[in-house]
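The values are calculated or read from the model by the stated rules, or taken from the named source; none is laboratory data. The structure displayed is predicted, hence computed values, not measured ones. In this analysis, Cβ positions are derived from the backbone assuming ideal geometry, glycine residues included, and neighbour counts consider all displayed protein chains.
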Amino acid sequence: MVRVTNRSLQALTGLLLAASALCSTGNAVAQTTVVTNAKVHTMNAAAALADAVAIDGNGVIIAVGNKEAVLAKAGKGARVVDLGGKTLLPGFQDTHVHLVEAGVNSILCEFEPFASLEETGATVRDCASESKGEWILGSGVSMTNLLDETDDPVAVLDEISSDRPILILDDIGHGAWANSAALKAAGYDTIKGNPPGGIILRNKKTGAPNGIVLENAQQKLRNLAFPDTPENVEFAYESMLPTLKTMAENGITTVSDAGGFWPQGHLKAWEIAERKGTLTVRASNAIYVYPDLPFEEQVAKMVSLYSNDPSRLLKFNQAKIYVDGILEQRTGAVLKPYLKGPGIDHGFDEGFLYFDEPTLNRYSKVLSEKGFKLHYHVTGDRGARLALDAIQQSDAKPGPHRLTHIYLLDKADYGRFKQTGIVADFQLAPSSLDPEYTDFIRKFIGDRADHMMPAGTLERDGATVVMSSDFDADELSPLVKIQAALQRDKDGAPDVQTAVKWLTVNPAKLLNQDERTGSIEPGKFADLVVLDQDIFNIPVEEIGETTVKATLLQGRPVYDADGLFSAN
């Protein structure tokens, strides 16, 4: 592949390198710091509001309350930072991001999802002329739109390049477009039927692959295009640096990377960031479970990659298990068949499963017994039920386990989250408010589209709900998501307190770090975000316009727009 060397990436992260060389929880800051003149929303029910916080030299909160009491606790010599009435919250925790992928995608040739075929072809030609490596690589195409534009996608790419493999990733991470050279490299030119966990679309007349692959079928192509070589690991690392900066700019202090594509060296890129001191978030990351690899061999590999050291910022302690696909590609596993007609015709009228049920249960049981927290991708109501069933047969000790996305959930399964302690992870981006999106999904599943993502109902039922981004497939900003959750006509957050809880307190519980993060309390790490206005006391429609002024990770500024904490 082409290794894109962009020297500006390092410059972009100069602040991070200088201000946040935080490789472990043992690194001390210079002195005790007292933050005063702040509107502190602690997210601690026992003491919800304060105006000052003291942080010791190890980045641990030692006092929260009024200015006089906090200064007294801090003692002489403490540095005082006056926030001038700004708001202080616990740092946001995004439990479902694709951080390395987002960085890589931003550097590959960029495609507009709904461009015309002529425009898309022109972008491929430009990419081919600029790219000097073995593979021609891009991202951002909508598979459904592409198939509306042409019945023979592979021919479009073959006309541009018959010898160099071309791989264009889709805009939502569930499909890819390849030419004949790429299909041959993966062995998809001769395979009969579909590979495990994936779908190869075929020309209806000839039966040959038409260049579109869905779900896990794309992963073999990705692994070939991005092999685990030193060059590609360095490329992945350099690609993720600007994305780490973006996290800090959005007040995010903890992430859970939901990619975990270990054959592409993504885990090594994270480890480089930790080693070099450029890791500016706590990261509790997943390792992807491949449906097409031998069971025992894959489990052994995952165990060798597992890490869960509480003294490190970086952990690989989750297993990312895809149960089904997505509704708009008719691959989300549903209890009632999809409506006839719309969408991609791949022959799976009730959606698609990455694993058969016994294998899904076996992976869930064995990996949980090995210490992995289980993280299931589900969009359809049948997929959700299978994941819930699998968890109930698994080891609860590494939990809480979770389901993410949960577009559809049968009402019979609502109560199972509270009963079992399983966490419900939703992405309530502005698109969840868009009537056009609901109308679009209604074409596939009818009136069931009116009951998607029942976050508010599960919250009322006593389940643990978290709100994440799925970045870069969707909106990243926690503040935009808070506003969107509050503006949903139904099944949104009932109030600002709950929406913020979904991004602070509850994610900390999910990631087993609630004793040290998630709220502003003595004894917890000073993972904090400073906002320019009090989102608890402004009109809901203004919350998304709120500006992050500073982000602290364990007392250190990883983002400080106005030099509030960086100045001596």
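Reported count of residues in region 513-568, each being at pLDDT 95 or above, in a loop (DSSP other than H, G, I, E, B) and hydroxyl-bearing (S, T, Y), is 4.
Of the residues making up region 44-61, those that are outside any strand (DSSP E or B), of a type outside the set (G, A, S) and within 31 Å of the chain's Cα centre (by Cα) are N44, N58.
For (1) over 18 Å from L214 (Cα atoms); (2) surrounded by 15 or more Cβ atoms within 10 Å (Cβ to Cβ); (3) without any contact (Cβ under 8 Å) to a residue 60 or more places away in the chain, each residue gets a yes or a no:
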| residue | (1), (2), (3) |
| --- | --- |
| L108 | yes, yes, no |
| E118 | yes, no, yes |
| L137 | no, yes, no |
| V141 | no, yes, yes |
| D148 | no, no, yes |
| L157 | no, yes, yes |
| D163 | yes, no, yes |
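The conditions of being in a loop (DSSP other than H, G, I, E, B), among the hydroxyl-bearing types (S, T, Y) and within 18 Å of N216 (Cβ to Cβ) are not met by Y363. In region 510-538, of all residues being closer than 19 Å to S468 by Cα and surrounded by fewer than 20 Cβ atoms within 10 Å (Cβ to Cβ), the one that is nearest to the chain's Cα centre (by Cα) corresponds to N512.
Restricting attention to region 86-98, the residues being of a type outside the set (F, W, Y), touching a strand residue (DSSP E or B) at 6+ places or on another chain (Cβ under 6 Å) and either at pLDDT below 95 or in a strand (DSSP E or B) (or both) number 8.
Confirm whether T278 is under 21 Å from the mean Cα position of the chain (by Cα), polar (S, T, N, Q), closer than 21 Å to F92 by Cα and surrounded by fewer than 23 Cβ atoms within 10 Å (Cβ to Cβ). Here the answer is yes, as T278 does meet what is asked.
For (1) basic (K, R); (2) in contact (Cβ under 8 Å) with a residue 12 or more places away in the chain, each residue gets a yes or a no:
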| site | (1), (2) |
| --- | --- |
| K397 | yes, yes |
| T404 | no, yes |
| Y407 | no, yes |
| A412 | no, no |
| R416 | yes, yes |
| T420 | no, yes |
| F426 | no, yes |
| E436 | no, no |
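Scanning region 318-333 for residues that are in contact with a Gly (Cβ under 7 Å, 6 or more places away or on another chain) and within 16 Å of Y288 (Cβ to Cβ) yields K320, V323, D324, G325.
Exactly one residue out of T547, T551, T517 is β-branched (V, I, T), closer than 22 Å to L83 by Cα and free of Cβ contacts under 8 Å to residues at least 24 places away in the same chain: that is T547. Kindly indicate whether V466 is within 24 Å of H174 (Cα to Cα), within 20 Å of the chain's Cα centre (by Cα) and at pLDDT 95 or above. The answer is yes for V466.
For region 219-249, filtered to residues that are in contact with a strand residue (DSSP E or B) (Cβ under 6 Å, 6 or more places away or on another chain) and surrounded by fewer than 24 Cβ atoms within 10 Å (Cβ to Cβ), the residue that is farthest from L313 (Cα to Cα) is L221. Checking region 349-359 against the condition returns a match, with at least one residue being touching a Ser or Thr at 6+ places or on another chain (Cβ under 8 Å), outside any helix (DSSP H, G or I) and not β-branched (V, I, T). E112 falls short of the stated requirement of being modelled with pLDDT of 85 or more, surrounded by fewer than 18 Cβ atoms within 10 Å (Cβ to Cβ) and either among the β-branched types (V, I, T) or part of a helix (DSSP H, G or I) (or both).
Applying the set (1) buried (at least 18 other Cβ atoms within 10 Å of the Cβ); (2) within 20 Å of the chain's Cα centre (by Cα); (3) touching a residue at least 60 places away in the same chain (Cβ under 8 Å) to Y306 leaves exactly one unmet item: (1). Does D324 satisfy the condition of being surrounded by fewer than 21 Cβ atoms within 10 Å (Cβ to Cβ) and either out of contact with any Lys or Arg (no Cβ under 7 Å at 6 or more places or on another chain) or assigned by TED's automatic domain parsing to the domain that holds N194 (or both)? Taking the combined requirement at face value, the residue does not satisfy it. Restricted to helices (runs of 4 or more DSSP H) entirely inside region 134-221, those with at least 2 residues that are out of contact with any helix residue (DSSP H, G or I) (no Cβ under 6 Å at 6 or more places or on another chain) and at pLDDT 95 or above are 153-160, 180-185. Checked against the criterion of being among the aliphatic types (A, V, I, L, M) and in contact (Cβ under 8 Å) with a residue 24 or more places away in the chain, the candidates A52, A38, A72, A45 yield just one match: A38.
From the list N58, N6, N27, pick out the single residue that is modelled with pLDDT of 50 or more and of a type outside the set (A, V, I, L, M, F, W, C). Residue meeting the stated conditions: N58.
With respect to the conditions (1) under 22 Å from the mean Cα position of the chain (by Cα); (2) modelled with pLDDT under 95; (3) of a type in the set (D, E, K, R), K481 lacks only one, and its number is (2). The single condition among (1) surrounded by 21 or more Cβ atoms within 10 Å (Cβ to Cβ); (2) of a type in the set (G, A, S); (3) over 23 Å from K418 (Cβ atoms) that A463 does not meet is (3).
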